[in-house]
Amino acid sequence: MTACQDFDVLISLRAAGALDPEESARLEAHLSTCAACRAEAEADAAVLRLAKLPAPTDAERQATSGIVKGALAELHRREGRASSWKRTTAAFAAAAAILVAVLAPAVLGRRPAVPPEDASAVTAAAAWQEPDLDTLWSDAGLLDDDATSSADTAVDAALVAVDL
Amino acid sequence: MTPANRMDDESHRPSLRLVAGGVTPARREEEALVAAFLVGDDDAFGELVRRNEVMVLAIVRRYAQTPEDAKDLAQRVFLRAFEAARRSLRKGPRAAVPFRRWLVRVAVNLAKNHRRDGLRIVRAPLEELDRSGGVSTAPAAPDVLVLRERERRMREAVLLLPRRQREVLTLRIDAELPFAEIASSLAITENAAKVSFHHATRALRAALAGEDRP
Ligand SMILES: [Zn+2]
């Protein structure tokens, strides 16, 4: 029942099709000599086959089409009710306007890829910095939904109000 | 782990596996679309939804009772993710999180809460839709029924996994996201995501073994 410990994570990843070539080669070499790990590999693969949902049928695809339309309608409904929805700070509006001016025509037109050499885009990209995700998530009330009520934080309460 | 470590992790990730970490052309397009949407461009909104709807549906359908339920959930995910993106951008461009990362995070949370709030009895979703896509009229063979029952139990067991394991497992087997993207969406390391996946697999095996025992 127990696999060689060095390989047990790789065996699960193999069942998920997530090994890189080097990992795969290393694991396959081991599996060719270790029956216990081969059994583990088969058991992991079997349980993931069971856990995987069936692919959506045509009927399901049909029933879930039109998300863009539905979401837009809902968005407009909310905007109508909460007129402050699009109110933005001056700083943000300026930043957004720059991004739109630089990038939106390329994206919304015939959608050619933004040239990597584009000086403005490169500048914008260079200025970008990874924020502290956990702070942002908890600001948005999305971090501890399992542990707490989804309306626990003030920010999330606001989100819930928007969600009604 | 500190944010600095996380950034370090991402910057050393090989570019082939870089999905959500760095600033790719696709990512710049996404930022431009989000910015355009936030100043009122509906086309940008539509484009962002179209680019991501398959992924969002793949995440929420495990928690939905019907396809219509899944669609409704997916729409709420988009609206809430836009709201979250707007709030984060208000703090300035430096606080901006890639929109797709918001989507993944919101989708797994909202779907799970939907399930928790709306459903006390765990029922297999999409149960009536035949795997082959047609309407099944012939009675299923006994071994097929046994298989379906095992699949149903497995879906229950997935929903009962500890939160992190469930998130990582479903983002992999439902949304088929690379582990690098799963990790960045959940703000954990790629290695932690892989270990969680392994633990989830083991937990499901244990659940299955326990139920098969007479
Ligand atoms: Zn072994």
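The values are calculated or read from the model by the stated rules, or taken from the named source; none is laboratory data. This structure is a prediction, so every number in the text was calculated from the model and none was measured. When we count neighbours, we look across all protein chains shown, and the Cβ atoms used for this are built from the backbone with ideal geometry, even at glycine.
Miscellaneous remarks
- Subset of the stretch B:25-50 (residues that are more than 8 Å from chain A (Cβ to nearest Cβ) and either buried (at least 24 other Cβ atoms within 10 Å of the Cβ) or of a type in the set (A, V, I, L, M) (or both)): B:Ala26, B:Val34, B:Phe37, B:Leu48
- Top-ranked residue in the stretch A:31-55 [being within 7 Å of chain B (Cβ to nearest Cβ) and within 27 Å of B:Asp69 (Cβ to Cβ); ranked as surrounded by the fewest Cβ atoms within 10 Å (Cβ to Cβ)]: A:Pro54
- Total residues in the stretch B:51-71 satisfying the condition of being within 8 Å of chain A (Cβ to nearest Cβ) and free of Cβ contacts under 8 Å to residues at least 12 places away in the same chain: the figure is 1.
- Residues that are surrounded by 24 or more Cβ atoms within 10 Å (Cβ to Cβ) and either modelled with pLDDT under 95 or more than 13 Å from A:Ala16 (Cβ to Cβ) (or both), drawn from the stretch B:159-172: B:Glu167
- Candidates A:Arg77, A:Arg38, A:Arg26, A:Arg14 - the one that is more than 16 Å from the ligand (Cβ to nearest atom) and assigned to a helix (DSSP H, G or I): A:Arg77
- Just one residue in the set A:Asp44, A:Asp8 is out of contact with any Gly (no Cβ under 6 Å at 6 or more places or on another chain) and away from the ligand (no atom under 11 Å from the Cβ); that residue is A:Asp44.
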